[in-house]
Amino acid sequence: MAITVLRSTLCLCSVSSSSNLRQQWTSAPKHRLTSVKSVTSMTPPTSRGVQRRRKNNDENGATVEKVVENPYAKVEAARPDLRKSLSDFLEEARGFVGDGGGPPRWFSPLECAAQAQGSPLLLFVPGIDGTGLGLIRHHKKLGEIFDIWCLHIPVSDRTPAKDLVKLIEKTVKSEHHRFPNRPIYLVGEYIGACLALDVAARNPDIDLSLILVNPATHVDNFISQPLSGMLNVLPDGIPTLLEDIFSVKQGHPLTGMLDSLSNNISGQQMGGVGGGMLRDIIAVSTNLPTLGRMFPKDTLLWKLEMLMSAIASVNSHIYPVRAETLILLSGRDQWLLNKEDIDRYSRTLPKCIVRKLDDNGQFPLLEDGVDLATIIKCTSFYRRGKAHDHITDYIMPTTYELKQQVDDHRLLVHSTSPVMLSTLEDGTLVRSLEGLPSEGPVLYVGYHMLLGFDLSPMVNQIMKERNIHLRGLAHPMFFKNPQDSLVDLKLLDKYKLMGGVPVSNFSIYKLLREKAHVLLYPGGVREALHRKGEEYKLFWPERSEFVRVASKFGAKIVPFGVVGVDDICEIVLDSNDQRKIPILKDLMEMATNIAGNLREGDESELGNQDIYLPGIIPKIPGRFYFYFGKPIETTGKEKELKDKEKAHELYLQVKSEVEQCLAYLKMKRESDPYRHLLPRMLYQATHGWSSEIPTFDL
């Protein structure tokens, strides 16, 4: 029979397979679950900031202006999205460990009640604690993009691993039957990861996505046997024993003192590894009775037995799994993790991504520095349909996520003091981004500086100043997750987080159809990885279809140029040099093959794009200059631009205007008294470090 899952705002709900549903209520006051306001997953929460006016037509056809606030205007003041801590987990677990027993059941936290329409289902399978609160630090953010159910396994429950698999499987089948086109995410840690894998192996035809956190791949007998023996000789009253040893019964003066210290640390926002460890130590110290009741001796023995059973089962059923998988591994957890097993999993499971959390320990989901929602965004692991769509499944970055991107590139921005110029509709050149069109569709077409140094200053500034989010068209290699990558794949996270899309005519079509602001570099990798003496030279294809695609939707085309990379570094080893060095030649060819660079059917120099890391030496930083030309209208020109020659003429016009932007900037920067670093530092020392540094006369 179909599984029925009831929700309650105050309690857990049992799962029943009978037609007459049995409800088992727990004590409502023990659960400190708080509700959140409903928000949309595609739009970050608004905040007061720079406003701009957006013109729209009302139902009578009259033009009306709507004031739109920029949520990214005050990005510097953004605070971390994650707020709950290990202390919150232990405090809320206090009510769960005293729930009176009963069978395992699903519950949905109130913080997860704000999911957007059409959100996929996420089933969380807990680890050794069994409370189902393992995602407590992530409830709010995940709850905006998923419909979250958490499995609660009472302390006194002794359901075998195989029966837990059946319970999860029934829920999966029931929800798949209700919503056959909606993917189901299974998130499990340790034992829960094994149970999730078993469910996926038993249901290869159901659309599942697995997120496995420190999957328990083996039990080291050298550790497990002494542990089992030690547990057998311990007294049964472990909770009472802990209270007596540490004298931390509820109401004891020491408990109050530790609670006060914990609150003071939280109030002072003590950060860093030391601050996080101190908070965790205090949290554990003040909640030892809860931990004791969560892990009594007989429960620990049962969990160890269930763990060994689950590991044996999953290792014998791993090969039928067809679900895409994301494995999160802690760098400081070696007890249950086996590198050989993880390597086997990553090569056996299809579409498997392994993300290492180098600075985290046994319970990364409860530790600082791990944001599961951000990891899902950065690995393109979120989808609402059969496959991930980089356009419709994209989730805007939160204000704090943007702040992290700004912080990562703060040194580059401060050392180059970018100058942003744009052109108004009447042709006036201004030192601001006022000339950029507010409404899409807009196609920005420009020159790509070496290694894409231009991207972060430009994209972040446009978002902060104008609340315009550029969707960049990037090389497909940025969206692959090869296990044998030569670089840390985390370096490519920013492209996915900020809305990058694999470049293709179809991607341009879909983005412009959605009235997006699209960023296109026709020169692509060939420009970004140019050779010696090729600065500010355009490597565009002979013909391009972006003009005709833009005209189909009446998109404005904004040509732009940027200079300054030659003032911050110099190439000493380009692709020609590296081909003469056997080791570097092999690495370059390997990188090109891994990137999946297709050369067939394109014999031009642009088609033969080498993927390599140029050898550069830094210079004393100069200055970056951006020049956005006057937008080119394509509205009403769709029929005209269907003619290939007419379209090619406009294409050459766009290319010519980009070259003119580059020429103008190269010429005018010579008269900038603040082009070099020392004059800029002296100016800010006398006028304030946040003051805008002047530039050449326009």
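Readers should treat all values here as calculations from the given coordinates under stated rules, not as data from a laboratory. All values derive from a computational prediction rather than experimental measurement. With ideal geometry, Cβ positions are generated from the backbone for all residues, glycine too; neighbour counts draw on all protein chains shown.
Here the helices (runs of 4 or more DSSP H) wholly within region 389-472 that include at least 3 residues being closer than 24 Å to E514 by Cβ and among the charged types (D, E, K, R) are 455-466. Of all residues in region 364-391, those satisfying the criterion of being in contact with a helix residue (DSSP H, G or I) (Cβ under 9 Å, 6 or more places away or on another chain), over 27 Å from G331 (Cβ atoms) and touching a residue at least 60 places away in the same chain (Cβ under 8 Å) are H390, I391. At least 1 residues being farther than 27 Å from S656 by Cβ is the threshold, and among the strands (runs of 3 or more DSSP E) wholly inside region 504-594 those reaching it are 569-573.
Please count how many residues of region 651-698 are in a helix (DSSP H, G or I) and in contact with a Pro (Cβ under 7 Å, 6 or more places away or on another chain). Break it down stepwise before answering.
In the first step, residues of region 651-698 are kept if they are in a helix (DSSP H, G or I); the result is 651-671, 677-687.
Next, from what is left, pick out any that are in contact with a Pro (Cβ under 7 Å, 6 or more places away or on another chain): 654, 657-658, 661, 677, 679.
Qualifying residue count, region 651-698: 6.
Only one of D129, D157, D147 is acidic (D, E) and closer than 27 Å to P204 by Cα; which? On inspection, the qualifying residue turns out to be D147.
Which ones in region 290-321 are in a loop (DSSP other than H, G, I, E, B) and over 20 Å from K162 (Cα atoms)?
F295, P296
Being more than 24 Å from R526 (Cα to Cα), under 35 Å from the mean Cα position of the chain (by Cα) and either touching a residue at least 24 places away in the same chain (Cβ under 8 Å) or in a helix (DSSP H, G or I) (or both) is a property that K630 has. Screening the candidates L529, L519 for the property of being in contact with an Asp or Glu (Cβ under 8 Å, 6 or more places away or on another chain), of a type in the set (A, V, I, L, M, F, W, C) and either in contact (Cβ under 8 Å) with a residue 40 or more places away in the chain or more than 27 Å from P614 (Cβ to Cβ) (or both) yields one hit, L529. Assess whether S432 counts as being closer than 29 Å to A310 by Cβ, of a type in the set (S, T, Y) and out of contact with any Gly (no Cβ under 9 Å at 6 or more places or on another chain). No: the conditions fail for S432.
The number of residues in region 195-208 being surrounded by 24 or more Cβ atoms within 10 Å (Cβ to Cβ) and more than 16 Å from C352 (Cβ to Cβ) comes to 3. Screening region 408-443 for residues that are surrounded by 13 or more Cβ atoms within 10 Å (Cβ to Cβ) and polar (S, T, N, Q) and picking the one that is farthest from the chain's Cα centre (by Cα) gives T423.
Scanning region 364-407 for residues that are of a type in the set (G, A, S) and surrounded by fewer than 19 Cβ atoms within 10 Å (Cβ to Cβ) gives G369, G385, A387.
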